[in-house]
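Visitor: The structure under discussion is supplied below as structure tokens; questions concerning it will follow.
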Amino acid sequence: MSAESLTEDAPRRRVLVTGGSSGIGAATVRRLAADGFAVIAAARRMDRLEELASETGCEAYQLDVTSDEEVTALVEHLGRTGGLDAVVNNAGGALGLDKVEDADLDGWLRMYQLNVLGTLRVTKAVLPLLRAAGQKGTGGDILVVTSTAAHAPYEGGAGYTGVKHAERMLTTTLRWEIVGEPIRVIEISPGNVETDFSMVRFDGDAERAAAVYAGYQPLLAEDIADVISYALTRPQHVNLDLVIVRPRDQASNTKIARRPGI
């Protein structure tokens, strides 16, 4: 299926985007809505979701992916209101940049809850709906936004690289376990994307956050939304197992070509 095929005459594929209130999530909601998907934007910050709904026509749904009760209620809602064709597991994030010997255990636990168990909880819950979509012939999609942190370590990053490696293994193992079913399992791994990611990571320290993106052109949230849209609009027999997306000037998690004045 291509974006062009999502016409008024064709059934609109319904997609859930977690972490949809800001950054990559919000950009993905905007892009998929523009491409003709029926989008459910889910996140904790309802005020931002309502603004996004007014802008794009998406459905705003308040959700904490760390809550069993809230995820269960979401799936019941989706089942009552038309089912689901795809999920974009985007909720997550990093906290701190501590060395292992200085690790904040509460921060590590929070990252694990958000990035790993949140993705697991949502994926497990919506899988029956995606299977139903697959049986109808429209195909189901599970797309997980990980990070280049899922593929290599860096100093101070053991907490975040650890949870992203775990999220990647969850995604890869699921693909192996359900191969043969009409469901695609897709991983998108962004490098440095200029969003509020670093502001959250550094607890609102704007100067420290800005330094992450200084001296080169980082990716924008819209760049990742473009890749997500591309993956979801391929013909159903085409699965983009893994796409790593970095800025041109970023060769690895730590190797970045920086130039004065940029």
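Visitor: Angle between the Cα long axis of helix 118-135 and the longest principal axis of the chain, 0 to 90 degrees, nearest 10?
Guide: Helix 118-135 sits roughly 30 degrees off the main axis of the chain.
Visitor: Need one number: % antiparallel among DSSP beta bridges in the chain, to the nearest 5.
Guide: 5 percent
Visitor: While we're on this one: Per the Debye formula with a single identical scatterer at each Cα and no solvent contribution, what log10 I(q)/I(0) holds for the chain at q = 0.17 Å⁻¹?
Guide: So the normalised log intensities work out to -1.39.
Visitor: While we're on this one: Quick check on the exposure proxy: order Thr18, Thr172, Thr81, Thr161 from fewest to most C-beta atoms within 10 angstrom.
Guide: With the sparsest Cβ surroundings first, the list reads Thr81, Thr172, Thr161, Thr18.
Visitor: Same structure again: Scan around Asp141 for amide H atoms under 5 Å from its own, H built in the peptide plane at 1.01 Å from N, and keep only partners 5 or more places away or cross-chain.
Guide: It is Ala86, Val87, Arg184, by chain and number.
Visitor: A further question on this structure: Taking the Cα atoms only, what angle lies between the long axis of helix 158-178 and the longest principal axis of the chain, rounded to 10 degrees?
Guide: Result, in degrees: 30.
Visitor: Let me ask you something else. By how many degrees, 0 to 90 and rounded to 10, does the Cα axis of helix 23-34 deviate from the longest principal axis of the chain?
Guide: 30 degrees
Visitor: Would you mind checking the radius of gyration and Dmax of the stretch 1-107 based on alpha-carbon positions, in Å?
Guide: Using the Cα atoms of the stretch 1-107, the pair Rg, Dmax is 16.0, 59 Å.
Visitor: Which whole-Hz couplings ³J(HN,Hα) result when phi for each residue of the stretch 226-232 is put into the Karplus expression 6.51 cos²θ - 1.76 cosθ + 1.60, θ = phi - 60°, listed in order with x for Gly and Pro?
Guide: Rounded to whole hertz, the list is 4, 5, 4, 4, 4, 4, 6.
Only the coordinates and a few stated rules stand behind these numbers; no lab work does. Just so we're clear, the structure is a prediction, and the values are computed from it rather than from any experiment. All Cβ positions, glycine included, derive from the backbone under ideal geometry; neighbour counts span all protein chains shown.
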